[in-house]
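The values are calculated or read from the model by the stated rules, or taken from the named source; none is laboratory data. From a predicted model like this one, the values you see are computed outputs, not experimental measurements. Virtual Cβ from ideal backbone geometry, glycine too; neighbours counted across all protein chains shown. Keep in mind that these areas ignore ligands, DNA and RNA; they rest on the heavy atoms of the full protein, side chains included. Shrake-Rupley method; radii C 1.70, N 1.55, O 1.52, S 1.80 Å.
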Amino acid sequence: MASRLRLTLLRTARKLRAERAGRLSETQHAVISAVVAHGPFTPSALAAREHVQPPSMTRTIQALESEGLLKRTAHPTDRRQVLVTSTEAGREYVAETRRRRDKWLSRRLAALTPEERQILSQAEEILRRITTQ
């Protein structure tokens, strides 16, 4: 069962990841999503959060800046640092991606019977419990 469940979850996650609002890579999407949800961040804090090396994060930030999704601002207490924040376009990108993903999943769920949706609701609670332990 563990193997089947793992494969199904991976396939589902892959399908949902494909429903992005634009052409960003998964790494770029993860970074913009983190900044929108939890930012602002210093580049080094963002690199640590995403488990990448600082030079890689610098390239990702630069790419997202060139797309107009992120901006760098002065750190309020440390002039040697900058903070990475999202732009309005960045927030809209994340919101649109969420809408697309919710829409994709809603269409799939609508095709199920009420009983199947109830079972999935119960399974979601169990999966959430598993992932938060």
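Things to note:
- Surface per residue (accessible, 1.4 Å probe) for segment 29-123, Å²: 63 Å²
- Distance-filtered residues of segment 6-41 - backbone nitrogen under 20 Å, label point 7 angstrom along residue 96 Cα→Cβ: 16-37
- Potential lengthening between residue 128 and residue 88 on full extension [0.36 nm per residue; Cα-Cα distance subtracted]: 11.3 nm
- Surface composition of the chain: carbon and sulfur make up 54 percent of the accessible area, probe 1.4 Å.
- Difference of contour (0.36 nm per residue) and Cα-Cα distance, residue 16 to residue 109: 32.1 nm
- Convex hull volume of the chain per residue (C-alpha atoms, cubic angstrom): 141 Å³
- Using alpha-carbon coordinates, inclination of helix 2-17 to the longest axis of the chain, degrees: 50 degrees
- Candidate residues 1, 57: accessible-area rank, largest first, probe 1.4 Å: 1, 57
- When only Cα pairs below 8 angstrom with a gap of at least 6 residues are kept, the chain shows a relative contact order of 27 percent.
- Dipole orientation for segment 1-44: of the candidates 2, 18, 37, 2 has the Cα lying most toward the positive pole (charges on Cβ; Lys, Arg +1; Asp, Glu -1).
- Hull-based mean projected area of segment 41-117, where the convex hull spans the alpha carbons, in square nanometres: 7.4 nm²
- Over the residues of the chain, the helix contribution to mean residue ellipticity at 222 nm works out to -22500 deg cm²/dmol, using -39500 (n - 2.57) for each DSSP H run of at least 4.
- Dipole orientation for segment 47-104: of the candidates 104, 86, 76, 104 has the Cα lying most toward the positive pole (charges on Cβ; Lys, Arg +1; Asp, Glu -1).
- Here is the list for segment 1-85: trypsin sites (Lys or Arg not before Pro) lying in DSSP coil, each with at most 14 other C-beta atoms within 10 angstrom of its C-beta, are 23, 79, 80.
- Overall, the chain carries a charge dipole of about 320 debye about its Cα centre when +1 sits on the Cβ of Lys and Arg and -1 on the Cβ of Asp and Glu, all other atoms neutral.
- Take residue 44: with every protein chain present and a 1.4 Å probe, its accessible area is about 70 Å².
- The modelled label-to-label distance between residue 25 and residue 117, using points 7 Å beyond Cα along the C-beta direction, is 3.9 nm.
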